[in-house]
Amino acid sequence: MLRSLILCAWLVLSAVANAQQVQMMQLSEPYAGYALTLVNSPQKVVDALVNNAPAESQTDNVLAQYHLVLAQAYYNLTYPQKALIHAQSALGYVSEKNQSWFYHSAKIVESVALELLGKPMQGMDGVNAAITWAQQHKQPKMYLQALFSRGIIQISLTNYVAALDDFQQAYSLAGVDPKQLSKAHVAAMLAQVYEYRREDSLAIPYFEEAVAAHRKNHADLDLSIALFGLGKASRNIGQNELGRAQLVESIQLAEKVDDIQGVGYALKELAVIDMQEKDFVEAETKLIKATDIFAQANNPQMNFNLLMSLAILALETNNIVMAERYSLEAKELLDRVSMPILSIGFDELRAKILYQQGQYQAAYASINQSFQNHKKYQNTESTEQLLQLRSRFDVQLAQQENQVLSQQNDLQQLQLSNKKTLNIQLILMTAFITIICGLLAILVIRNKVHKRGLEELATRDELTGLYNRRHALTLLEQQMSLASRYDKSLCIAMLDLDWFKQINDSFGHMVGDKVLREFALLCKRSLRESDVIGRVGGEEFLLILSHTNSEDAYKVLNTLRSRMPGLSKLANIPQAKVTISIGIAQYAENDSLESFILLADTALYRAKNNGRDQVVVCDRNIPVQTSPSL
């Protein structure tokens, strides 16, 4: 995940710095010269600027240029915190009113630095303002640069449709000149969007376009990054040998241009291939080497990721001692405030380690903390997305109002200047108003269609078409309220596909995705119309059975379980056995949402612990002592 974000960062700077080469001529020497060498020699630029810092007595213009170029150089070197500090320092010496071009250039760097720091929402306003200013002042290069940067921020916000829209616009505007923001750079970002959507087969043609262009232009750094993305995509579709060759070439090019962190990223992905092929010794060697690289580069977030990978590898080889050691080292690097998603994964890993050590109560506490943090993060993310949508709607509404006011003013001017042709004016006005009404009607219809599409995206899981976690929990809260108010029976079930990780490891993630889709279809065929099912985890599902007691729920779910063997044939893996474990809990009046789900989770854990491929009804007389769903 992080390597993909850093890949975005390198592509931005590679493309943005090239795109700014003409614009940077507005800087005075020596900063104009430094700006032209940012892409290929960012470390040299940092060394030169740090050793020749201007005195505070210099003019605001000189100090602003110094900090802007230094911010861009640090961003090229993937030091987002330093880039942010210097971008904000540059903004402190200029005003939007008097130095608009310079101001918006610094805001773009600030925005993408915030994105790399995991704060994409904070950067959105700055890049949107730059887009508006560039459009109004006919600055095509800045417009292209800002559009490209906003697409990267949209990826971090998981707004993949919006990201595709921005990159497709950028692709249509970009040229082929390698010294500018070119189609090859944008193609690599389009590929990133599809890779994030797990549509690697769609990503590969764009990566190949970028690789071909960068190879032709002898752009070794850009070629190394594009090969890295292509290698990952090839591996994800099961072409391990091709992916390995592409990643090895990426390492060779990274070493050639002294991109040491690029070597580390590629080693990490090669280790994934080794793990898939059960070569755990070679995988560990590569991961340790990558860890050393990122330790030297002072990249704590990537170090955290690698230590987590080493801990997972140790668990795979049943080396609990090393898993414990690596996880504790990772804990020292974990900042729960700035790394909320990574902290959720860390708690889940700790729960697995504690479970293997027999510390069941501690394991349960860790998995429960992960659950609570995940819920809190989802609520925060939803609020930010709603605010963003509201802001966009307000802007669009203001633009529409301004357009209508402008049109009305034109009509008034026409009436004052053409009194003698009143009849003609009335005819024109009637026609014009009819057109406006038609346009407004079209806008209303389009807004309704768009709203329906947003509601579908907000409530459905993209892969299976079932309800997503957030909406499933919302529906459960509603059913609990109704059951309490009208004293009706209510049951829920937690369903987990057995040994799903082995299916992914043995047959690939595309087959695993097909298993999930076929399971969703099986649920739709087997369950009652009143039953509600949602996907709440990778292979975990929540089923809500209203007006149903635990005995009837058991019958329904045992029927579903008995139909699971047919899933192997539907997924084209007849040699594999696909089974499911199910835990059922019946609602009691004093149950909270969390305690109700934990009861079903506990029953699911018992089903897993008793040998899987079975349905277990929760016994409220048995206390919760072990961690569910590990």
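The values are calculated or read from the model by the stated rules, or taken from the named source; none is laboratory data. The structure displayed is predicted, hence computed values, not measured ones. FYI the Cβ positions are ideal-geometry reconstructions off the backbone, even for glycines, and counts take in every protein chain you see. We work out accessible area using only protein heavy atoms, side chains counted, and drop any ligands, DNA or RNA first. Shrake-Rupley method; radii C 1.70, N 1.55, O 1.52, S 1.80 Å.
A few notes on this one:
- Residues within the reach of a label modelled at Glu551 (point 7 angstrom out along Cα to beta-carbon, backbone nitrogen below 15 Å), restricted to the stretch 472-499, are 489-490.
- Counting only protein heavy atoms and using a 1.4 Å probe, the accessible area of Trp499 comes to about 130 Å².
- Counting 0.36 nm for each residue step from Thr132 to Arg612 and taking away their Cα separation leaves a gain of 167.1 nm.
- Modelled FRET efficiency - R0 56 Å, Asp487 with Asn423, Cβ distances, 0.05 increments: 0.15
- Applied to the stretch 320-332, the Karplus parametrisation 6.51 cos²θ - 1.76 cosθ + 1.60 on θ = phi - 60° returns per-residue 3J(HN,Hα) values of 5, 4, 5, 4, 4, 5, 5, 5, 5, 5, 5, 4, 5 Hz, with x for Gly and Pro.
- Percentage relative contact order, the stretch 444-592, counting C-alpha pairs under 8 Å, at least six apart: 32 percent
- Length released on extending from Met510 to Arg446, taking residue separation times 0.36 nm less the Cα-Cα span: 19.6 nm
- Fully extending the segment from Ala245 to Ala588 would add 117.7 nm, taking 0.36 nm per residue of separation and subtracting the current Cα-Cα distance.
- In nm, spacing of pseudo-spin labels at Ser172 and Arg563 (7 Å Cα→C-beta vector): 4.5 nm
- Those aspartates and glutamates that a straight Cα-Cα span of less than 17 Å connects to Lys216, excepting residues fewer than 8 apart in one chain: Asp177, Glu208, Glu249
- Descending semi-axes in whole angstrom, ellipsoid equivalent of the stretch 241-317, from the Cα gyration tensor: 20, 17, 7
- Pair Lys44, Lys289: separation of 7 Å Cα→Cβ label points (nm): 2.8 nm
- With the simple spin-label model, which puts each label point 7 Å out from Cα in the Cβ direction, the Glu199 to Glu316 separation comes to 2.9 nm.
- Ligands, DNA and RNA excluded, the heavy atoms of Met302 present near 0 Å² of accessible surface to a 1.4 Å solvent probe.
- Chymotrypsin sites (Phe, Trp or Tyr not before Pro) within the stretch 530-630: DSSP coil, no more than 13 neighbouring Cβ in 10 Å: none
- Sulfur and carbon atoms: percent of accessible area, the stretch 509-616 [1.4 Å]: 46 percent
- Computed FRET value (nearest 0.05) for Leu414 with Asp125, which takes r as the C-beta separation and R₀ as 45 Å: 0.70
- Global geometry of the stretch 488-532, whether rounded, prolate or oblate, following the gyration tensor of its Cα atoms and the 1.5 cut on a/c: oblate
- Exceeding the 21 Å Cα-Cα cut-off - candidates Lys289/Lys501; Lys278/Lys569; Lys183/Lys268; Lys44/Lys82; Lys82/Lys268; Lys82/Lys289: Lys289/Lys501; Lys278/Lys569; Lys183/Lys268; Lys82/Lys268; Lys82/Lys289
- FRET efficiency for the pair Lys278 and Gln357, taken as 1/(1 + (r/R0)^6) with r the Cβ-Cβ distance and R0 = 25 Å, rounds to 0.55.
- Ligands, DNA and RNA excluded, the heavy atoms of His547 present near 130 Å² of accessible surface to a 1.4 Å solvent probe.
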